[in-house]
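Everything on this sheet refers to the single structure shown next.
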Amino acid sequence: MSKISAHLPSSITPFSVISQIARRIRIVPLIILLISTAPAWFLTEALAPQVVRAYTARVDLAIDRLPEENYETVLTRAEAAARAAAQRSFDQDILVTDVSIIVSVQNYGAIAPVLTLEVSRPQWRSRPDAQNWATYFKTARSLLFFENSSNPVPAASGVSTQK
């Protein structure tokens, strides 16, 4: 009992067609493919926007307390210094997007930060006020011994006892 089966045409592409396409692909020289990549790269670089290298400017300022100056006056000078530093940072470099400034005060050898100013360029452009963007350190007054300067400590009396 042998089965007889008829060969039916199928939808599979014969191998001869594939081999003809493969020969045509081999004909395209590799050099043309390599040369065509350079103009494509130049075109992409010309049309695509370049990456912007933005960064944050960081500034540390130190100011000294002047004689007979109270804490409020020192704080006003620190705000003015921070404002000038922020404006200078934005003016000097167009790539600066943010500014971070720390202002420290020195008072008789004690040094402590009194304020920090962190602001972006759009924020500064809309309102260039250091008081608006500053963060004040509450403990700076006591760390710099300004609480004691308002109430001067009396000098020790020179009374001597004789025996």
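The values are calculated or read from the model by the stated rules, or taken from the named source; none is laboratory data. Please read these numbers as outputs of a predicted model, since none were measured by experiment. Positions of Cβ are backbone-derived with ideal geometry, glycine not excepted, and every protein chain shown enters the neighbour counts. Calculation scope for accessible area: heavy atoms of the full protein, side chains included, ligands and nucleic acids excluded. Shrake-Rupley method; radii C 1.70, N 1.55, O 1.52, S 1.80 Å.
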May I ask which residue of A78, L66, F90 lies farthest towards the positive end of the charge dipole of region 50-118, with charges of +1 (Lys, Arg) and -1 (Asp, Glu) on Cβ and the Cα centre as origin? F90
W133 accessible area, nearest 10 Å², 1.4 Å probe? 60 Å²
Could you pull the accessible area for L61 with a 1.4 Å probe, rounded to 10 Å²? 40 Å²
Return the carbon/sulfur percentage of the accessible area of region 74-134, one whole number, probe 1.4 Å, all protein chains in place. 51 percent
